[in-house]
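As structure tokens, the structure follows; a few thoughts come after it.
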Amino acid sequence: RKAKAKMPSYKGLENFRLEDKMGDGAFSNVYRAVDLTSGKKVAIKVVRKYELNSSQRANILKEVQIIRGTSHPSIVKLYSFSESEEYYYLVMELMEGGELFHQIVKLTYFSENLARHVILQVARGIRYLHEERGVVHRDIKPENLLFERIPIIPSKNPIHRPYDEEKEDEGEFIPGVGGGGIGRVKIADFGLSKVVWNEETMTPCGTVGYTAPEIVKDERYSKSVDMWALGCVLYTLLCGFPPFYDESINVLTEKVARGYYTFLSPWWDDISHSAKDLISHLLCVDPAQRYTIDEFLNHPWCNAAPAPAPPAT
Ligand code: ADP
Ligand code: MG
């Protein structure tokens, strides 16, 4: 880590010692901090309220309300919320291990076993949001999936399979990811999330009986945006690059609109048909055909016993 930068001090956060910056957003910084009362380590998202217009402010309050109403091992916890004249403060559970995005970059790609282990945790979080809370996240991506602690990925384990035939069997130790398991992965960032179903009645929000069919459909389909994103994350975990990419934003947009992706050789050659079948039911343009979270969790790939690790050499 770089030499410690001087931490800013915020009015209203006197009870915390900020240690370092963990993330940057358009309107926020996320700090690692210590709650001086309890000694507990936390993460604090400091939102620059003064840069927000009134509808953006309302969105932060909505984000807080949604995350406050959740309690699940795959969802980052919000401990407290407060504000000063200039800032909003979200004191959250500290996710020491950082973003799934960085782990993908570090490892190149994950074995099917490890990808399953990670994606099932995310999927259970999504099932909880969709079915118990009536919430769609709408921003599922590797940057918003966080590891509780630095995932430890030992050598001589099928978890690390960079596409490099010569190194394939070396099983060398991966710096920064040591031994002893991967830990929990949790969903963060409810900045774009939305409540679509009334929890008690499991009907669309708004006045039942007067809701137009396109709204009913829209709200039903809005859950499917999380399923598409889940498919993109799973694809990326298994091969190390995203399903849709182009340097030109116009071409990229067209590829997504058509659902044009391939299981590119050689990267996908050794990946199971079952994994490809599952992905094809998620990266499916028609939201009515796309798997729901229950269909996802019932797919054979999600329920396969992990393949045993190869014998240590
Ligand atoms: P934004 O809306 O700006 O994307 P996020 O809530 O996603 O805000 O936070 C930005 C980044 O800060 C995340 O991608 C992650 O790297 C880091 N971060 C957010 N929450 C936590 C947390 N609870 N623990 C550790 N790091 C976090
Ligand atoms: Mg984010």
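The values are calculated or read from the model by the stated rules, or taken from the named source; none is laboratory data. Note that the structure is predicted; figures quoted are calculated from it, not measured. When we count neighbours, we look across all protein chains shown, and the Cβ atoms used for this are built from the backbone with ideal geometry, even at glycine.
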Would you be able to say whether some residue in the range 245-260 is closer than 25 Å to residue 117 by Cβ and either of a type in the set (Val, Ile, Thr) or modelled with pLDDT of 95 or more (or both)?
no
Only one of (1) closer than 30 Å to residue 270 by Cα; (2) at pLDDT below 95; (3) not aromatic (Phe, Trp, Tyr) fails for residue 58. Which number is that?
(1)
Whichever residue in the range 69-86 is away from ligand 1 (no atom under 14 Å from the Cβ) and closer than 21 Å to residue 14 by Cβ and, among such residues, is surrounded by the fewest Cβ atoms within 10 Å (Cβ to Cβ)
85
Might you check whether a residue that is more than 25 Å from residue 124 (Cβ to Cβ) and in contact (Cβ under 8 Å) with a residue 24 or more places away in the chain occurs anywhere in the range 274-296?
yes
Scanning for something aromatic (Phe, Trp, Tyr), more than 16 Å from ligand 1 (Cβ to nearest atom), in contact with a helix residue (DSSP H, G or I) (Cβ under 6 Å, 6 or more places away or on another chain) and touching a residue at least 40 places away in the same chain (Cβ under 8 Å), does the range 94-110 turn up at least one residue?
yes
Criterion violated by residue 223 - all others in (1) closer than 30 Å to residue 117 by Cβ; (2) free of Cβ contacts under 8 Å to residues at least 60 places away in the same chain; (3) charged (D, E, K, R) satisfied:
(2)
Are any of the residues in the range 172-195 away from ligand 1 (no atom under 16 Å from the Cβ), modelled with pLDDT of 80 or more and within 30 Å of residue 94 (Cβ to Cβ)?
yes
Being assigned to a loop (DSSP other than H, G, I, E, B), hydroxyl-bearing (Ser, Thr, Tyr) and farther than 21 Å from residue 108 by Cβ is the filter here; which residues of the range 252-283 pass it?
260
Within the range 296-306, the residues that are assigned to a helix (DSSP H, G or I) and in contact with a helix residue (DSSP H, G or I) (Cβ under 7 Å, 6 or more places away or on another chain) are 296, 297, 300, 301, 302
The range 196-219 residues that are more than 19 Å from residue 132 (Cα to Cα), paired with ones that are surrounded by 13 or more Cβ atoms within 10 Å (Cβ to Cβ) and modelled with pLDDT of 75 or more (beta carbon under 6 Å, 6 or more apart):
none
Is it the case that some residue within the range 21-37 is more than 13 Å from ligand 1 (Cβ to nearest atom) and under 20 Å from residue 150 (Cα atoms)?
yes
Looking at the range 128-135, is at least one residue within 14 Å of ligand 1 (Cβ to nearest atom) and either modelled with pLDDT of 95 or more or over 13 Å from the mean Cα position of the chain (by Cα) (or both)?
no
Can you name the residue in the range 234-273 that is in contact (Cβ under 8 Å) with a residue 12 or more places away in the chain and among the hydroxyl-bearing types (Ser, Thr, Tyr) and, of all such residues, is surrounded by the most Cβ atoms within 10 Å (Cβ to Cβ)?
235
